[in-house]
Amino acid sequence: SDGGDGGESMEIVPGTAPGFPPFEFNDDSGELVGFDIDLLSAVVEETDYTLADWEEFEFDSLIPALQNDRIDVIAAAMTITEDRQETIAFSNPYYNADQAILVPAGGEFQPSSLDDLAGQTVGAQEGTTGAGVIESELVEPGDVQQSNFRTYGNYVLAVQDLENGNVDALVIDQPVAQTFADQRDVEIAFVYETGERYGFGLRQGESDVQSALNEGLQAVRESGQYEEIRNEWFGG
Ligand code: ARG
């Protein structure tokens, strides 16, 4: 909504891609919960906007949904990248992450560098920076065949395939890899440092929403709410 019509509250429709714990996932009762859900709610609370109900998509449908005005903001642990900045805008960063290589727990295969993934089957969620690492560091140099690169609609399906032995390793954001390692029969083999920063995705040219979210983000950091939400989802 473009707002500005005299005191009426301006609604922002948030979109996310669940199956990425603890940032966004469906809990046992199916409810959408997580760090991003709480953080964006707290941030918007600090602004003149209100938050509408969440819309759920597969990760690689979020940018099209934003551009088609089905949603107004993406809160999906989305890394701020130059590629994405060609089509959308981002808030200031709110979380830092690297990639991790996830393998079956206690298995034979214990890679310690990307070189060790040569000749294996590797997987990632479609459209993610993890998939980008596989593409540029393993498939392009010819260490992994294109046909041995598995892409998934979400990481829950990918982790199932890993547990079932249908894929040898996954490339996935480290905090999420850690969460799956805590809950499932998988473990982190090593961390691949990418120095990524997550931001809320926004349409380009909507600088009023962008400044409001940036100010809201700063307010929740200063009030201690950011840390509370972080502790709730990551312990500490
Ligand atoms: N940070 C990675 C990226 O931006 C992965 C994000 C996946 N998020 C999700 N909600 N499934 O590509």
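The values are calculated or read from the model by the stated rules, or taken from the named source; none is laboratory data. Source: prediction; values computed, not measured. Positions of Cβ are backbone-derived with ideal geometry, glycine not excepted, and every protein chain shown enters the neighbour counts. Please note that ligands, DNA and RNA were not included when accessible areas were found on the heavy atoms of the full protein model with its side chains. Shrake-Rupley method; radii C 1.70, N 1.55, O 1.52, S 1.80 Å.
Antiparallel versus total DSSP beta bridges in the chain: what percent is that, nearest 5?
60 percent
Could you order peptides 21-30, 139-148 by the average number of other Cβ atoms within 10 Å of their residues, highest first?
The packing order, highest mean first, is 21-30, 139-148.
Whole number in Å², please: accessible area per residue of the chain, 1.4 Å probe, ligands, DNA and RNA not counted.
47 Å²
Please report the Cα spread of the chain along all three principal axes, rounded to whole Å, starting with the longest.
Its Cα atoms span 64, 36, 30 Å along the three principal axes.
Considering the dipole of the range 114-155 built from charges on the beta carbon (Lys and Arg +1, Asp and Glu -1) around the Cα centre, which of 151, 132, 117 is farthest to its positive end?
The residue sitting most towards the positive pole is 151.
Summing -39500 (n - 2.57) over the DSSP H runs of n ≥ 4 in the chain and dividing by its residue number, what mean residue ellipticity at 222 nm do you reach, to the nearest 500 deg cm²/dmol?
Estimated from H runs of four or more residues: -8500 deg cm²/dmol.
Please provide three numbers in whole Å: the alpha-carbon extents of the range 98-195 along the principal axes, with the largest listed first.
33, 28, 25
Name the residue, out of 118, 131, 76, whose mean-square fluctuation peaks in a Gaussian network model built on the chain with Cα pairs under 10 Å.
Result for the chain, Cα springs under 10 Å: 118 fluctuates most.
How large a share of the accessible area of the range 98-195, in percent, is made up of carbon and sulfur atoms when the probe is 1.4 Å and the other protein chains stay in place?
Carbon-and-sulfur percentage of accessible area, whole number: 37.
Can you give me the P(r) profile for the range 149-212? Cα pairs, bins 10 angstrom wide beginning at 0, each as a whole percent.
Here the calculated profile for the range 149-212 is 17, 39, 22, 17, 5.
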